[in-house]
Amino acid sequence: MATTETSTAFRMWETVRLALTGKELDFTTGPIGRAIVLLAIPMVLEMVMESVFALTDAFFVSRLGTDAVATVGLTEAMITILFAVAIGTGMATTAMVARRVGERDLAGAQVAAAQSILLGLALTVVVALPGAAFAENLLRLMGGTPELVAAGHGYTRVLFGGSATIMLLFLLNAVFRGAGDAAIAMRVLWIANLCNIILDPCLIFGLGPFPELGVTGAAVATTIGRGVGVTIQLWVLFRGGSRIRIRISNLVPRPRIILRLFRLSVGGILQFLIGTSSWVFLVWIIGGFGPAAVAGYTLAIRLVVFAILPSWGMANAAATLVGQNLGAGQPDRAEISVWRAGMYNSLFLLGVAVVFIILAGPLIRVFSNQPDVVRNGVSCLRWVSFGYPFYAWGMVMVQAFNGAGDTYTPSVINFFCYWLFQLPLAYFLAYGTGLGPTGVFIAITVAESLIAVVGILVFRRGRWKQSMV
């Protein structure tokens, strides 16, 4: 018995070691469960690191008061539009790179990666310039008080001004994920987060030789941290160390490939713009109940993101497996991978939901002790957590479509479930029934659960197997 247990522990450790070192790159053969684990471990850790960016800012900014926290919440509600563009373009990149890798066409994967960089930078300009130029007006439009706008517009301007770091960090990690080099993406975010964690208190509070920038310092620290991560990504891609190695010649614009990437990106961008714009309207609805409601919602959503992003990491593993296995001509293996990943993901988020529901109060009080903020934060965290097992399946289904190159089906699902269902329901429950912000939190849970159910039903039809990338 002891020998068997030792052997099992050794195999588990070997799998974890391989996942963290990224030595195994072919995910079109061998046990599917092992392939999911090898991809999911670094992807989950990568997403944990991404969520640490948000939690680090929230922890230090909360020491500056309610207006500072609300500034972060309002700004990030707007900056999610940029995240939508970055993630949407990243989905197209992952799908194309994974398909070429599955076909054993590494030269094609390298060209696709390089062309995605050109497309991403072009799209960034569209969001970055207006955001940086009209930061104060945007905060006013989101319902910010004059005091909030005066103190917080620098945070908004810096984040929009550093948009290229957000875009490239997501996009280049999408290249690594598509190639199966998830461990590289993970390490990049480790280093980027370390820089952010060190610089955040220094620039917010003016520690040592650093200037005291207040809430603006959080944006500067985050942008520098992401910039360091992008520098490492480019070094790895151009100097070697990844399965994909970009050459200068690959950066010559190739309109046919850029247009194909753009076509795939449009579906992904629409998909997330629909979702994220609905979150902007949710913040607007909550804003009618005052800064404390917005601050409580912001803190709760930070904790939600902390759990959801690792879960997206598991869903991203499904996207890579779908893309590579379709490229290798194995659609049945791709489908089995998705069902297996969904099961693992739902078990994970079920455990998180239990913790969040039981410990909602203490978790919110880590960031704020103001009674109204805590009350709204606890309500949000608990209601949203009730839908976690459904979210898990919804994420995997969405990423399965994206990995296959079918970025439009999730867009249609999001349009009906968010815009035509969630927003009217949230407004009605908040103002029509007297539930206030709690009505919005309930609407979030119901809509996300509906997405999971619809996604599973559409996935079972199997049309995604014929998607061309």
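Quick one: helix 255-287 against the long Cα principal axis of the chain, what's the angle to the nearest 10°, folded into 0 to 90?
It is inclined by approximately 30 degrees.
How big is the Rg/Rh ratio for region 29-96, C-alpha atoms only, Rh by Kirkwood, two decimals?
For region 29-96, the value is 1.15.
What's the percent breakdown of Cα-Cα distances in region 290-357 across 10 Å bins, shortest bin first?
Histogramming region 290-357 at 10 Å steps yields 19, 35, 24, 15, 6, 1 percent.
Could you point to the residue in GLY436, PHE289, ILE248 farthest towards the positive end of region 28-466's charge dipole, with +1 and -1 charges on the Cβ of Lys/Arg and Asp/Glu respectively?
ILE248
Once the Cα atoms of helix 331-358 and of the chain are each reduced to a long axis, what angle between those two axes, in degrees from 0 to 90 to the nearest 10, is obtained?
It works out to around 30 degrees.
Taking N as the number of residues in region 230-281, what is its alpha-carbon radius of gyration divided by 2.2 N^0.38 Å?
So the Cα radius of gyration is 1.61 times the expected 2.2 N^0.38 Å.
Cα extents of region 28-466 along the three principal axes, largest first, in whole Å?
Principal axes ranked by extent give 57, 49, 33 Å for the Cα atoms.
Give me the distance between the Cα centres of region 315-352 and region 220-245, rounded to whole Å.
First find each Cα centre; the distance between them is then 27 Å.
Suppose R0 equals 25 Å; then what is the FRET efficiency for LEU259 and ARG104 from their Cβ-Cβ distance, rounded to the nearest 0.05?
0.55
Using 0.36 nm per residue, how much length does the chain from GLU212 to ASN369 gain when fully extended, once their Cα-Cα distance is taken away?
On the way: separation 157, 0.36 × 157 = 56.52 nm, distance 2.41 nm.
Answer, rounded to one decimal: 54.1 nm.
Once the piece of chain linking THR433 and VAL126 is laid out straight, how much longer is it, given 0.36 nm per residue of separation minus the C-alpha distance between them?
Stretched out fully, the THR433 to VAL126 stretch lengthens by 106.5 nm.
Per the Kirkwood formula on distinct C-alpha pairs, the Rh of region 362-467 is how many angstrom?
In region 362-467 this quantity evaluates to 15.2 Å.
Give me the Kirkwood hydrodynamic radius of region 102-183 in Å, from all C-alpha pairs, to one decimal place?
Evaluated on region 102-183, it is 14.8 Å.
Using alpha-carbon pairs under 8 Å, 6+ residues apart, how would you state the relative contact order of region 28-466 in percent?
Details: 786 pairs, mean separation 103.0, N = 439.
Averaging sequence separation for qualifying contacts and normalising by length gives 23 percent for region 28-466.
Can you order the peptides 374-383, 95-104 by their average number of other Cβ atoms within 10 Å per residue, highest first?
Numbers: 374-383: 23.2, 95-104: 26.0.
Listed from highest to lowest mean packing, they are 95-104, 374-383.
Kindly rank 409-420, 179-190, 355-366 from highest to lowest mean number of other beta carbons found within 10 Å of each residue.
Ranking the peptides 409-420, 179-190, 355-366 by packing returns 179-190, 409-420, 355-366.
Given the DSSP H assignment, sum -39500 (n - 2.57) over each helix run of at least 4 residues in the chain and divide by its residue total; what's the result at 222 nm in deg cm²/dmol, nearest 500?
Working: 18 runs with 374 residues, N = 469.
When only DSSP H runs of four or more count, the value is -27500 deg cm²/dmol.
So, by mean Cβ neighbours within 10 angstrom, what's the order for 295-302, 307-314 with the highest one leading?
Values: 295-302: 28.2, 307-314: 23.6.
The packing order, highest mean first, is 295-302, 307-314.
Angle, helix 146-161 long axis vs. longest principal axis of the chain, Cα atoms, 0 to 90°, nearest 10?
20
So what's the projected area for region 163-243, the Cα convex hull averaged over all directions, in nm²?
With the hull built on Cα positions only, its mean projection is 5.3 nm².
Run the numbers for ARG140 and PHE205: contour at 0.36 nm per residue of separation, minus the present Cα-Cα distance, in nm.
20.8 nm
Determine the principal axes of the Cα atoms in region 266-416, then give the extent along each, sorted from largest to smallest and rounded to whole angstroms.
The Cα atoms of region 266-416 stretch 57, 31, 20 Å along their principal axes.
Read-outs throughout are calculated quantities, based only on the coordinates presented, and are distinct from any laboratory measurement. Computed from a predicted structure; not experimentally measured. Neighbour counts run over all protein chains shown; Cβ positions are idealised from the backbone, glycine included.
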